[in-house]
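One structure is given here, and the rest of the page talks about it.
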Amino acid sequence: MWAELLPVGRSAASGGYRRFAWNSADAECRAWFEQQARDRGLAYELDRNGNQWAWLGDPHGQGAVVTGSHLDSVPDGGAFDGPLGVVSSFAALDELRARGAEFTKPLAIVNFGDEEGARFGVACIGSRLTSGVLGREQAYELRDADGVRLPDAMERAGYDPSAIGADDERLARIGAFVELHVEQGRCLAEGQPVGVAGAIWPHGRWRFDFHGEANHAGTTRIEDRRDPMLTYANTVLAARKKAKLAGALATFGKVAVEPNGTNAIASLVRGWLDSRAADERTLTELVAEIERAAAERGGRDGVRVELTRESYTPVVDFDGPLRDRLAKLLDAPVLPTGAGHDAGILASAVPTAMLFVRNPTGVSHSPAEHAERADCLAGVAALADVLEDLACQ
């Protein structure tokens with residue numbers, strides 16, 4: 001399975017992946033998922049929000065145990081973030097069948113759509129829509145860099161966007177959701193190959209619009225310029241400094257410039273801030289401080305600054321009894337994480353838990369992302385143990 005997925009959506013230039021929502025690489029990944037389901041005799045289903053499901057047992061039964069993750073990527077991302085969880089889910093089911101496990105509850109494997117938010121700027125769109133965190137009207141207004149609306153992208157890919165929205169009835173049938181994921185950090189580097197997630201830091205994405213005045217780079221005096229690039233650059237540095245002082249994280253990883261000419265002073269710079277902290281108060285205060293720093297510098301540069309919050313996820317404490325049950329079952333450490341996941345989005349509606357597989361370098365969202373084969377197999381065995389404990393009692 002791993003070998004089949006490796007070439008899909010991979011850039012020859014960077015070695016990273018460009019599996020974005022509803023593009024051709026995403027379609028290949030979806031076809032692969034459907035084929036894996038059918039090869040195992042599972043009931044394949046596409047839900048109202050474009051998420052894929054593979055069912056063992058009654059899809060309409062109560063107390064279902066669900067596992068899975070996502071198959072999309074960040075721009076030039078690694079092979080493991082998302083796909084490891086989906087591949088391991090199918091492999092864990094194979095392992096349980098080899099053990100002769102007898103299921104007493106429905107089991108499902110899911111591929112949530114657009115988890116990374118690389119195309120439309122909002123992370124975990126599939127699970128946000130399902131849980132109602134993202135409303136239909138909001139989703140219909142999302143556009144990619146080319147101005148294509150989310151529903152139009154779905155329709156072009158052959159899916160009907162008319163029914164997207166909260167799926168309370170589906171969530172009510174789920175007794176537990178367990179997501180396996182490669183660790184994004186190095187807490188397990190010197191310890192066990194598998195850990196259990198304790199909580200997800202609150203995090204969000206904010207767009208800063210720096211409005212200046214376009215002019216000639218060679219003829220405009222320094223004192224006559226209203227250069228938004230200066231304000232943007234100062235804001236990037238201020239965000240790093242203030243995040244370090246707060247013990248938090250702040251990253252400007254995406255920028256767009258207009259008119260984007262080498263010999264032109266920009267009229268507009270858009271910068272996207274990703275910020276995370278251990279608690280919501282710290283995060284709120286940090287973003288406010290970054291906004292104040294941007295406005296102060298903008299005042300000196302003659303640049304107007306606008307801030308728009310594009311997405312936000314509050315702190316997520318995974319289900320305590322489920323977390324403790326898994327940690328005891330696997331004799332595994334409980335770890336915090338600063339990364340968002342579909343499991344975190346669903347946590348308000350369904351008992352959720354996460355397993356992490358050791359990442360020796362700690363690198364993620366990069367072609368260098370890696371997990372050793374032995375650790376991946378340990379993750380499969382751990383997930384199989386968990387599913388057997390939850391679905392075969």
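The values are calculated or read from the model by the stated rules, or taken from the named source; none is laboratory data. Computed from a predicted structure; not experimentally measured. Ideal geometry is used to build each Cβ from the backbone, glycine not excepted, and the neighbour counts take in all protein chains shown. Please note that ligands, DNA and RNA were not included when accessible areas were found on the heavy atoms of the full protein model with its side chains. Shrake-Rupley method; radii C 1.70, N 1.55, O 1.52, S 1.80 Å.
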Karplus-derived HN-Hα couplings along segment 149-162 (A = 6.51, B = -1.76, C = 1.60, θ = phi - 60°), whole Hz, x at Gly and Pro: 6, 3, x, 5, 5, 4, 5, 5, 7, x, 10, 8, x, 5
10 Å Cβ shell holding at most 15 others, DSSP loop, trypsin sites (Lys or Arg not before Pro): longest site-free stretch of the chain: 222-393
Spin-label model distance (nm) - residue 38 vs residue 254, 7 Å beyond Cα toward Cβ: 3.4
Segment 172-312: radius of gyration and largest Cα-Cα distance (Dmax), Å: 19.6, 67
Centroid-to-centroid separation of segment 193-226 and segment 285-360 [C-alpha atoms, Å]: 19
Integer Hz, Karplus 6.51/-1.76/1.60 couplings in order for segment 272-289, x for Gly and Pro: 9, 9, 10, 9, 8, 8, 6, 9, 5, 5, 4, 5, 4, 5, 5, 5, 5, 5
Within the accessible area of the chain (1.4 Å probe), percent carbon and sulfur: 49
Dipole-positive endmost among 208, 284, 197 within segment 186-294 (Cβ charges, Cα centre): 197
GNM flexibility winner over the chain from 314, 333, 259 (Cα, springs under 10 Å): 259
0 to 90° range, to nearest 10: angle between helix 320-330 axis and the chain longest Cα axis: 60
Tilt relative to the chain, helix 83-99 - C-alpha long axis, 0 to 90 degrees, to 10: 10
Simple spin-label estimate for residue 392 and residue 45 in nanometres, 7 Å along Cα-Cβ: 2.3
Where a label projected 7 Å from the Cα of residue 104 along Cα→Cβ would reach, residues of segment 363-393 with amide N under 15 Å: 387-393
Shape parameters for segment 330-393, alpha-carbon atoms, Rg then Dmax in Å: 13.6, 40
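Rounded to the nearest 20 Debye, what is the dipole magnitude of the chain about its Cα centre when Lys and Arg each give +1 and Asp and Glu each give -1 at the C-beta?
That gives a dipole near 880 debye.
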Solvent-accessible heavy-atom area per residue, rounded to whole Å², over the chain at 1.4 Å: 43
Charged-residue dipole, Cβ positions (Lys, Arg, Asp, Glu), segment 165-300 about Cα centre, Debye nearest 20: 440
Label point 7 Å beyond Cα of residue 348 along Cβ direction - residues of segment 150-191 with amide nitrogen under 15 Å: 166-168
Cα-based convex hull volume of segment 218-276 per residue, rounded to whole Å³: 79
For the chain, calculated [θ]222 nm from helices alone, where every DSSP H run of n ≥ 4 adds -39500 (n - 2.57): -11000 deg cm²/dmol
For residue 11, net neighbour charge (Lys/Arg +1, Asp/Glu -1) across residues whose Cβ lies under 12 Å away: +2
Mean separation of Cα contacts under 8 Å, 6 or more apart, over the residue count of segment 132-189: relative contact order %: 27
Exposed GluC sites (Glu not before Pro) absent - longest run of the chain, DSSP non-H/G/I/E/B, at most 16 other C-beta within 10 Å: 214-371
Average Cα contact separation per residue, the chain, under 8 Å, 6 or more apart, as relative contact order %: 23
Angstrom value of the Kirkwood radius, inverse mean 1/r, which spans all Cα pairs in segment 63-206: 17.2
Evaluated over segment 97-145, the Cα radius of gyration and Dmax, each in Å: 16.3, 49
Globularity ratio of segment 133-177, using Cα Rg and 2.2 N^0.38 Å: 1.40
Extension gain from residue 24 to residue 300, taking 0.36 nm per residue of separation minus the Cα-Cα distance: 94.8 nm
Projected label distance in nm at residue 162 and residue 374, using a 7 Å step from Cα toward the beta-carbon: 5.6
Most mobile of 318, 210, 80 in a GNM of the chain (Cα contacts under 10 Å): 210
Length-normalised contact order of segment 259-335 in % [C-alpha pairs under 8 Å, at least 6 apart]: 18
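At 20 °C and 1.002 mPa s, grab the translational diffusion coefficient of the chain from Stokes-Einstein with a Kirkwood Rh over Cα pairs, rounded to a whole number in µm² per second.
Once the numbers are plugged in, D ends up at 97 µm²/s.
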